[in-house]
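These notes concern the structure reproduced below.
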Amino acid sequence: MRKDLVKGDLPALVLAVLSRQPLHGYGIAREVKQLSSDALTMKEATLYPALRVLEQDRLITGEWQPQEKGADRKVYTLTEAGKREAQKRTQELKDYATLIHTVLEKLEPGTSGRKGIGHAQPA
Amino acid sequence: MHSLLEDYLAEVEAKLSVLPAKRREEEMREMRQHLADAVRVNRELGQNEDEVAANALTEFGSVEEASEGILWSWKRYLQRKLRIWSFWWITGMLTASDAFICFQFSRIYAPSHHVPSYQPYCTILCSWVLALLILSSQFLPAKYQQPSWMWWWFVSSAQ
């Protein structure tokens, strides 16, 4: 099942991806697709406003770096404040997902198909 | 680069004409690099050049999607700068005018009108409180920035 990524979740996902390693814009978009097994879709152009906002809030810094092959790329790295914010927003998203799951379980017990966050879906 | 991509980038650059030249150039450079990466990956999947360009643009988004987001982030940046600038401008003007009031009051007004010496300081204090209230309203959450809300609060507190 493919799902459009909610616009408001994008900055949190970007922070979570960058907490693993510094990446350029295309790399971030690819990482999100790969981690979701292509289930989460987004227009890649929407990534750049999110990156600008995170730069303005000083949660990430972008730097043009020369590459071994090809033109320079702007690589984004988390700042110290960004690392703290990444943890905070990741936890908020997890808590939100758990709450939704809890509500759905109460409405329709046993049909949500998930035992909790972090558990794989049954085949 | 494929003509489809060049036309796309030219359209986006036209939409971003309101940005300063340096900022626009940087945005276009990054976008160009992103599309070049997308083309390279699609090419590795064995697609022909037209398919490669079309798929890269489909994944990236329309001209409107590309330009509106960047313009929105620029507007947000300007609004923040304006708040900071207005804070320091008002602070500076208030300090200068208060110093002027104190100096002129003690020199000209007080001797001839027999008024208490603390009067200019009360005026200065009230002006600072009002200025801080106005400035702090710039930093409130959006829903509290409605003029009607502020007016209601001002009137009810005056009563």
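What ranking do B:W128, B:W89 get, fewest neighbouring Cβ atoms within 10 angstrom at the top? Write down the numbers at each step before the final one.
Details: B:W128 14, B:W89 10.
Arranged by neighbour count, lowest to highest, B:W128, B:W89 become B:W89, B:W128.
Given labels modelled 7 Å from the Cα in the Cβ direction, how far is it in nm from B:H2 to A:A39?
The answer from the label model is 3.0 nm.
From the phi angles alone, apply the Karplus equation (6.51, -1.76, 1.60; θ = phi - 60°) to the stretch A:14-27 and give each ³J(HN,Hα) in whole Hz, x where the residue is Gly or Pro.
Once rounded to whole Hz, the list reads 4, 4, 5, 5, 6, 5, 7, 6, x, 8, 8, x, 5, x.
Each residue of the stretch A:52-57 in turn: what ³J(HN,Hα) in whole Hz from Karplus with 6.51, -1.76, 1.60 and θ = phi - 60°, glycine and Pro shown as x?
Per residue, the Karplus-derived 3J(HN,Hα) values read 5, 4, 5, 5, 4, 7 Hz.
Considering amide H positions built from the backbone, and no H for Pro or chain starts, which residues 5 or more places from A:T41, or on another chain, come under 5 Å of its amide H?
A:K3, A:D4, A:L5
Between B:C102 and B:K15, how many nm apart are label points set 7 Å from Cα along the C-beta direction?
5.4
Skipping prolines and chain starts, which residues have an amide H placed within reach, meaning under 5 Å, of the one on A:R73, given they are 5 or more residues away or on another chain?
A:Q65, A:Q67
Once you list every other residue whose beta carbon is under 11 Å from the beta carbon of A:L23, what net charge do they have if Lys and Arg are +1 and Asp and Glu are -1?
Here the charged neighbours net out to +3.
Using amide H atoms built in the peptide plane, which far-off residues or other-chain residues are under 5 Å from A:I60 H to H?
Under 5 Å from the amide H of A:I60: A:E55, A:T79.
Step through the residues of the stretch A:94-109 one at a time and calculate ³J(HN,Hα) from phi using the Karplus curve (6.51 cos²θ - 1.76 cosθ + 1.60, θ = phi - 60°), rounding each to whole Hz and writing x for Gly and Pro.
Per-residue couplings from phi come out as 5, 4, 5, 4, 5, 4, 4, 4, 4, 5, 5, 4, 5, 6, 9, x Hz.
Please work out whether the stretch A:1-87 counts as rounded, prolate or oblate from its C-alpha gyration tensor, where a ≥ b ≥ c are the square roots of the eigenvalues and a/c under 1.5 means rounded, while otherwise a/b larger than b/c means prolate and anything else oblate?
Numbers: a/c = 1.79, a/b = 1.20, b/c = 1.49.
Cα axes put the stretch A:1-87 in the oblate bin.
Each reported figure results from applying straightforward, stated rules to the coordinates on display, with no laboratory input. All values derive from a computational prediction rather than experimental measurement. All Cβ positions, even for glycine, are placed from backbone atoms using ideal geometry, and neighbour counts span all protein chains on display.
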